[in-house]
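Reading through the structure tokens given below for one structure.
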Amino acid sequence: MDWERVRQQLEHALGFPVKTVLWPWEDWRRTVQEEQQTVESAQLPRSVLREDSVYFFVYREGQTAVLFHAQTDGVKPVERQLVELMLDVKYSQEHKSASSGSEEERRAGLVREWFRGQQELGLTQAEMPDALVSQLSLYSTKIPLLLYGDYTTSRRVHYTDLKKLLETFFDSELTLIPLTDKEWLILAPEKILSMDAGDERDEQQDDTLEDKLAAIGYGLHEMLESEWVGESHLAVHYPILPAKSLYGTVLQLRETIMLGRTYHIGNNMHLPWELQLEKLVHLIPESEKTSFLERVLKRLDVALDAETLTTLEQFFQLDCNVSETAKKLYIHRNTLLYRLDKFKQETGLDVRTFNDAVIVKIAILLYKVTKRK
């Protein structure tokens, strides 16, 4: 259940602020017991009054009670009852949904626990036990995608709801494994590679595997942006046989998202084959990064202002094509040449030559990271 959206809806309907607050579970029980002498855990009321505030019980998360808080002078008795009724209905819907998918989620949870065990051992490669492979039917080739939902702590993404959403997008059954509260591993069937190529794409039969995987990833991320509240990051990998290489693949997908978030701020779709240079650069010791920048670009802040950074990044993205870059930046070709000449004068590096272009590309990756620190 998306409780953050419920909170926003309540706030909009009632016309006054409603905030999410967290209490220790025992404090919540004690507060209830102070107002009602005998209360069983299964019969806890939905709200309590404290001084000038009213607290509505939303759900329990371990030893924490998640509550909605509002000022009592803004809540009428009838509104309080309606809010309690609505929360009861929402909670019942979530409980029913959780029950229906409990067995499937339990099996996925076994894989999550196995993953954690391998991580604690510090392993980089591990084959899944046959028992786990059998329970989730992971013998056939799958397309792995890693989803990281950068949503707030007050928002709960339920396994069954997310799985239904993903299966609607892929129009196919898939395996969903929650690795952490915000990290989800998606194993889609290999057949979606052919399903993705509809009649309108008959003229594009020469699409590479990378093109098809990228199209799937971008399409899924676009859907998630419209259906989810909050930011999400997505990485996609080449098809694999989960029984043999699932653990190592997850580590690679995590690395892909980390590299994308580090070197390409604002881009939430991450493809490993587009981050190979970033991977190499990331392995360079910090002292060497700083030393390289000092040698290559001695006037960093002057040479790499916002306009120059944007110009060079577009220039490299378009394979150092002057005409296409000028069109992309909506500037005259001569204006672009002036900017490149100015950069050459300030740094001694001409990005229209291959060697200097490589050096500057690496320098920009390092500069963005070191400057951020």
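Here are the numbers for this structure:
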read-out	value
Helix-only CD estimate at 222 nm, as mean residue ellipticity for the chain, using -39500 (n - 2.57) per DSSP H run (n ≥ 4)	-17500 deg cm²/dmol
Stokes-Einstein D in µm²/s, Kirkwood radius over Cα pairs - the range 44-84 at 25 °C with 0.890 mPa s viscosity	231
Cα-only radius of gyration and Dmax that characterise the chain, units Å	26.3, 82
Portion, in percent, of the accessible area of the chain that falls on carbon or sulfur, probe 1.4 Å	49
Full-extension gain in nm, SER53 to ASP319, via 0.36 nm per residue minus C-alpha separation	89.7 nm
Magnitude of the charge dipole, the chain, Cβ model with Lys/Arg +1 and Asp/Glu -1, debye to 20	1000
P(r) of the range 219-268 over all Cα-Cα pairs, binned every 10 Å from zero, in whole percent	22, 43, 31, 4
Built amide H within the under 5 Å cut-off of SER232, gap 5+	ASP150
Integer Hz, Karplus 6.51/-1.76/1.60 couplings in order for the range 314-328, x for Gly and Pro	5, 4, 6, 5, 9, 6, 6, 8, 5, 5, 5, 5, 4, 5, 5
Coil-residue trypsin sites (Lys or Arg not before Pro) of the range 308-365, DSSP, other Cβ within 10 Å capped at 11	none
Filtered GluC sites (Glu not before Pro), the range 255-361: DSSP coil and at most 14 other beta carbons within 10 Å	none
Of LYS163/LYS191; LYS344/LYS368; LYS244/LYS279; LYS182/LYS279; LYS289/LYS342, pairs whose Cα-Cα distance is over 22 Å	LYS244/LYS279; LYS182/LYS279; LYS289/LYS342
Estimated Rh, the range 208-310: Kirkwood, alpha-carbon pairs, angstrom	16.1
Within the chain, longest stretch clear of exposed chymotrypsin sites (Phe, Trp or Tyr not before Pro) (DSSP loop, no more than 16 other Cβ within 10 Å)	140-329
Sequence-distant residues sharing a close amide H with TYR59 (under 5 Å, placed H)	VAL66
Charge dipole (the range 243-330, unit charges on Cβ, about Cα centre) - positive-most of THR249, PHE315, PHE292	THR249
Of THR262, THR353, THR141, the one that fluctuates the most in a GNM where the chain has Cα springs shorter than 10 Å	THR353
Directionally averaged projected area (convex hull, Cα atoms, the range 289-342), nm²	4.0
Accessible area expressed per residue, the range 248-373, with surrounding protein chains retained (probe 1.4 Å, Å²)	56
Proximal charge balance of ARG107 [Cβ under 13 Å; K/R count +1, D/E count -1]	-1
Pairwise label distance in nanometres, THR353 with GLU167, each label 7 Å out on the Cα-Cβ vector	6.0
Student exercise, the range 232-356 dipole from Lys, Arg, Asp, Glu Cβ charges, in Debye to nearest 20	180
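The values are calculated or read from the model by the stated rules, or taken from the named source; none is laboratory data. The structure presented is a predicted model; accordingly, all values stated were derived computationally and were not measured. Note that each Cβ is placed from the backbone with ideal geometry, even for glycine, and that neighbours are counted across all protein chains shown. Protein only, heavy atoms only, side chains kept; ligands, DNA and RNA dropped before computing areas. Shrake-Rupley method; radii C 1.70, N 1.55, O 1.52, S 1.80 Å.
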